[in-house]
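K.L.:
Below is one structure. I have some questions about it.
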Amino acid sequence: MPRFEYTAIDKDNKKVSGVLESSSTAVASQTLTHRSLKPISIKLLKGSGDSILAKIGFGGKNKKIKIRDMVVFTRQLATMINAGVPLVRSLATLQNQTENKFLKKHIGEITKEVEGGTSFADALEKHPTVFSPIYINMVRAGEAGGILDDILKKLAAQQEKDSKIRGKFKSALTYPAILLSITLIVFLVLMVFVMPKIGNIIKDLAGPDAKMPQLTQVMLGISSFIITKWYVVIIIFVVIGYLLKKYIKTPAGRLKKDQILLRMPVIKTIVKKVAIARFARIFASLLSAGVAVVDCINITSKAIGNAVIENELTEAAKAVTNGQQLSEPLAESKVFPPIVAQMMAVGEETGKTDEILLKVADFYEEEVDVMVDSLSSILEPIMIVVMGTMVGLIAASVIGPISNLSNQI
């Protein structure tokens, strides 16, 4: 972790200096403030940042922590707190038994911060790469209401639900992805090894001045370009991939990507249902934890994972701030179906919004399961058609000139 050299003023107005480890300058400043020190300057020590390997993804603080590890940590922490074990002792115990060394490191830092008097939620907030805003805000609500163990159980359940949906989606896309990969490999093999030989044979039979069909000329041109300019092809794909990835990370790019997803056949239905299920479950959990409605909307909107829906919920939060019920802007939504607004209205009238939204979440999660299970059967014929089209183009480009030759003979 990066090390920072700091200069600060203590309670007695004396200047003090030292070195501390922190994930960023902002977090280092917060740490000093919690120590009752007023920061004057904070400088990153040379050579203390992440290594080159860490920056490109091999190790370092941004190493991905599996959802399963987070679920186990959250559930075990909830059990220990429910049993009456103090928070610091619970964290220390979990740090010792956690197998993931990156999560272990973060837990150790959080334990030290909590020991120093920082609240659990504030300590988690200093580790945004591990703990999401939802996690942090629910923990904060649990601490305020004295129901931290219940909140942690709900968090673990939410993480398991998300992991289950993500896992099913990946497994459904595995076979189509394999088919697509095989299709591309077959196409490249035909274009690099087969097409040039067939082109030479046709030229030998028809003569160098023979005019070939347009399709054959195009396929031979593509084959020649791939063989002679293969490095250009690789550079083009790498540059396009890099620029596309960079563009998607921008707000405009993310919005455009999500708009496209919401227009794609089949995919748009799955995206909407996943978003609704996630919204209903997270909103219900936050609401039952005592978080204010507007805060629930704002926090949940960022956890949906879709910029279009996030914008709709942001506008809904403004409407709620102006005195409307949440069901009113949801009824005018282009994404949320009428049933969600109606269920929300019933919850608002009966005061059981969280219970009703959990039922909505269960319903849409079942719908997602059914659709994801059938996704493979929908995509498989599409991939087969794509494969057949690529091979068919090459076959047609070969059969065309051969047919012309036979007619001339």
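K.L.:
Condition check: hydrophobic (A, V, I, L, M, F, W, C), closer than 16 Å to R89 by Cα, crowded, with 17+ Cβ neighbours inside 10 Å and touching a residue at least 40 places away in the same chain (Cβ under 8 Å). Does L148 satisfy that?
P.N.:
When the stated conditions are applied, L148 passes them.
K.L.:
Continuing with this model, one more query. Going residue by residue through region 354-369, is there one that turns out to be of a type in the set (K, R), assigned by TED's automatic domain parsing to the domain that holds M264, surrounded by fewer than 19 Cβ atoms within 10 Å (Cβ to Cβ) and modelled with pLDDT under 90? Before the answer, list the steps.
P.N.:
Here is the first cut: in region 354-369, the residues of a type in the set (K, R) are 359.
From what's left, assigned by TED's automatic domain parsing to the domain that holds M264: 359.
Adding the requirement that they be surrounded by fewer than 19 Cβ atoms within 10 Å (Cβ to Cβ) leaves 359.
Subset that is modelled with pLDDT under 90: none.
No: region 354-369 contains no residue that is of a type in the set (K, R), assigned by TED's automatic domain parsing to the domain that holds M264, surrounded by fewer than 19 Cβ atoms within 10 Å (Cβ to Cβ) and modelled with pLDDT under 90.
K.L.:
While we're looking at this one, here's another question. Have a look at A307, A303, A317 and point out the one that is modelled with pLDDT of 90 or more, buried (at least 16 other Cβ atoms within 10 Å of the Cβ) and closer than 24 Å to G253 by Cα. Before you say what the answer is, go through the steps one by one.
P.N.:
Details: A307 fails: modelled with pLDDT of 90 or more; A303 fails: modelled with pLDDT of 90 or more.
Only one candidate qualifies: A317.
K.L.:
Restricting attention to region 132-139, does a residue exist that is free of Cβ contacts under 8 Å to residues at least 60 places away in the same chain, of a type outside the set (S, T, Y) and under 20 Å from D295 (Cα atoms)?
P.N.:
yes
K.L.:
I've got another one for you. Go through Y242, Y175 for me and flag whichever is without any contact (Cβ under 8 Å) to a residue 12 or more places away in the chain and at negative phi. First the steps, then the outcome.
P.N.:
Working: Y175 fails: without any contact (Cβ under 8 Å) to a residue 12 or more places away in the chain.
After applying the criteria, what remains is Y242.
K.L.:
Can I ask one more? Could you pull out the residue among K245, K161 that is of a type in the set (D, E, K, R), loosely packed, with under 11 Cβ neighbours inside 10 Å, more than 22 Å from I394 (Cβ to Cβ) and under 32 Å from the mean Cα position of the chain (by Cα)?
P.N.:
Details: K161 fails: loosely packed, with under 11 Cβ neighbours inside 10 Å.
Sole residue among the options that is of a type in the set (D, E, K, R), loosely packed, with under 11 Cβ neighbours inside 10 Å, more than 22 Å from I394 (Cβ to Cβ) and under 32 Å from the mean Cα position of the chain (by Cα): K245.
K.L.:
Here is a list of conditions, (1) of a type outside the set (V, I, T); (2) loosely packed, with under 11 Cβ neighbours inside 10 Å; (3) at pLDDT below 80, and K197 meets all of them except one; can you say which number that is?
P.N.:
K197 satisfies every listed condition except (3).
K.L.:
When you scan region 65-129 for helices (runs of 4 or more DSSP H) that lie fully inside it, which ones turn up with 3 or more residues that are in contact (Cβ under 8 Å) with a residue 24 or more places away in the chain and not assigned by TED's automatic domain parsing to the domain that holds L32? Give the steps one after another, and end with the answer.
P.N.:
Details: elements: 67-82, 87-97, 101-115, 120-125.
Once the helices (runs of 4 or more DSSP H) in region 65-129 are filtered for at least 3 residues that are in contact (Cβ under 8 Å) with a residue 24 or more places away in the chain and not assigned by TED's automatic domain parsing to the domain that holds L32, what remains is 67-82, 101-115.
The values are calculated or read from the model by the stated rules, or taken from the named source; none is laboratory data. Not measured: the values here are computed from a predicted model. In this analysis, Cβ positions are derived from the backbone assuming ideal geometry, glycine residues included, and neighbour counts consider all displayed protein chains.
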